[in-house]
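Asker: What follows is a single structure, and I will ask about it in a moment.
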Amino acid sequence: MIPASVAVMLFSRDLVYLTFGSGYVLAPQYLVLLAALYLLTAISYLVIGNFLSGIADTSTVLKMSVVTLAVCLRLGPVLAWLWGPFGLLIAYILSIATSTVYGLRQTSVKHDARPDLRASGRILLAALGAAVPTLGLIQLDGAGVGLVNLVVGGLLYLGVYLTLAPILGAVEKRDILNLRTLLGGTRIVAVLVNPVFDYESKLLSAVKRK
């Protein structure tokens, strides 16, 4: 989710203009904020609720919802008054972040379960590192916005991310093995992804990561 979120933030203008046209000039900025919400995946957003529900700790899930509502009701009107719809989106993101941190705290105390923040940090660092040259390409692209940026910029982003991920330790050999097992069952998919896995494995061997 983290590299996908960064990619949507990078190509928000191209995605909106290609889908809806250039008349929606403010939509890319809204899309950037909405995509930024999913960067909270680094601290277990989208996961912690399912985990707590799976172990029947529904009281904590309810409390997280209450925290989200309470923070949003307090910040929403103020930030909406200051910045309009952008402020409302920011208030929503802050409320989700607050409830996620609360849920992490409760999960750590009650169930001794913690996310691997180091791994999430490495994934985020690899995604941001891949965003730097991609953003430069987008800014310098004389073709404007649309399909060209999405294809060329997307390939650049993917290539840099796949290179940085094993170098920074965001992916390990056991991850490659698991992905091969999951995706190798379908022949067409295996033909497409095996070269990528081979590339990742060579990089891992070069940097001597397990």
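A short reminder: the numbers here are calculations on the coordinates, not readings from a lab. It should be emphasised that the depicted structure is a prediction, and the values quoted were computed from it without experimental measurement. Note that we place each Cβ from the backbone using ideal geometry, even for glycine, and neighbour counts take in every protein chain shown.
Asker: R0 = 35 Å: FRET efficiency of LYS208 with LEU37, Cβ-based, nearest 0.05?
Answerer: So the FRET efficiency works out to roughly 0.45.
Asker: Cut-off is 10 Å between beta-carbons; in what order do ASP112, ASP57 appear when sorted fewest neighbours first?
Answerer: The most exposed by this proxy come first: ASP112, ASP57.
Asker: When the Debye formula is applied to the Cα atoms of the stretch 1-101, each taken as the same point scatterer, what base-10 log of I(q)/I(0) results at q = 0.11, 0.12, 0.23, 0.24 Å⁻¹?
Answerer: Values returned for q = 0.11, 0.12, 0.23, 0.24 Å⁻¹ are -0.41, -0.48, -1.13, -1.16.
Asker: Ok, one more. Loop only per DSSP, at most 15 neighbouring Cβ atoms within 10 Å: give me the chymotrypsin sites (Phe, Trp or Tyr not before Pro) in the stretch 78-141, ordered by residue number. Intermediate results must be reported in sequence, preceding the final value.
Answerer: On the way: sites: TRP81, TRP83, PHE86, TYR92, TYR102; in loops: none.
Taking the stretch 78-141 and a limit of 15 other Cβ atoms within 10 Å, no loop chymotrypsin sites (Phe, Trp or Tyr not before Pro) are found.
Asker: For ALA35, what charge total do you get from the other residues with a beta carbon under 15 Å from its beta carbon, if Lys and Arg give +1 and Asp and Glu give -1?
Answerer: After counting each charged neighbour, the total is 0.
Asker: Beyond 31 Å, what share of the Cα-Cα pairs of the chain remains, rounded to the nearest whole percent?
Answerer: Details: 7499 of 21945 pairs.
I get 34 percent for the Cα pairs in the chain exceeding 31 Å.
Asker: Now a separate question. What's the exposure ranking of ILE167, ILE93, ILE55, going from fewest to most Cβ atoms within 10 Å?
Answerer: Arranged by neighbour count, lowest to highest, ILE167, ILE93, ILE55 become ILE55, ILE167, ILE93.
Asker: Which of the listed residues, LEU40, GLY121, GLN106, is farthest toward the dipole's positive end in the stretch 1-145, when Lys, Arg count +1 and Asp, Glu count -1 at the beta-carbon?
Answerer: GLN106
Asker: To the nearest 500 deg cm²/dmol, what mean residue ellipticity at 222 nm is calculated for the chain from DSSP H runs of n ≥ 4 alone, each contributing -39,500 (n - 2.57), summed and divided by the residues?
Answerer: Result for the chain, helices only: -25000 deg cm²/dmol.
Asker: If you don't mind, another one. For the stretch 131-210, with equal point scatterers placed on the C-alpha atoms only and solvent neglected, what are the log10 I(q)/I(0) values from the Debye formula at q = 0.13, 0.27 1/Å, to two decimals?
Answerer: So the normalised log intensities work out to -0.51, -1.14.
Asker: How large is the charge dipole for the stretch 1-145, taken about the Cα centre, if only the Cβ atoms of Lys, Arg (+1) and Asp, Glu (-1) carry charge, to the nearest 20 debye?
Answerer: It comes to approximately 360 debye.
Asker: Using the charge dipole of the chain (Lys, Arg: +1 at Cβ; Asp, Glu: -1 at Cβ; taken about the Cα centre), state which of GLY49, GLN139, PHE20 has its Cα farthest towards the positive end.
Answerer: Farthest towards the positive end: GLY49.
Asker: Oh, and also: Within 13 Å, Cβ to Cβ, of ILE55, how many net charges do the neighbouring residues add up to if Lys/Arg are +1 and Asp/Glu are -1?
Answerer: -1
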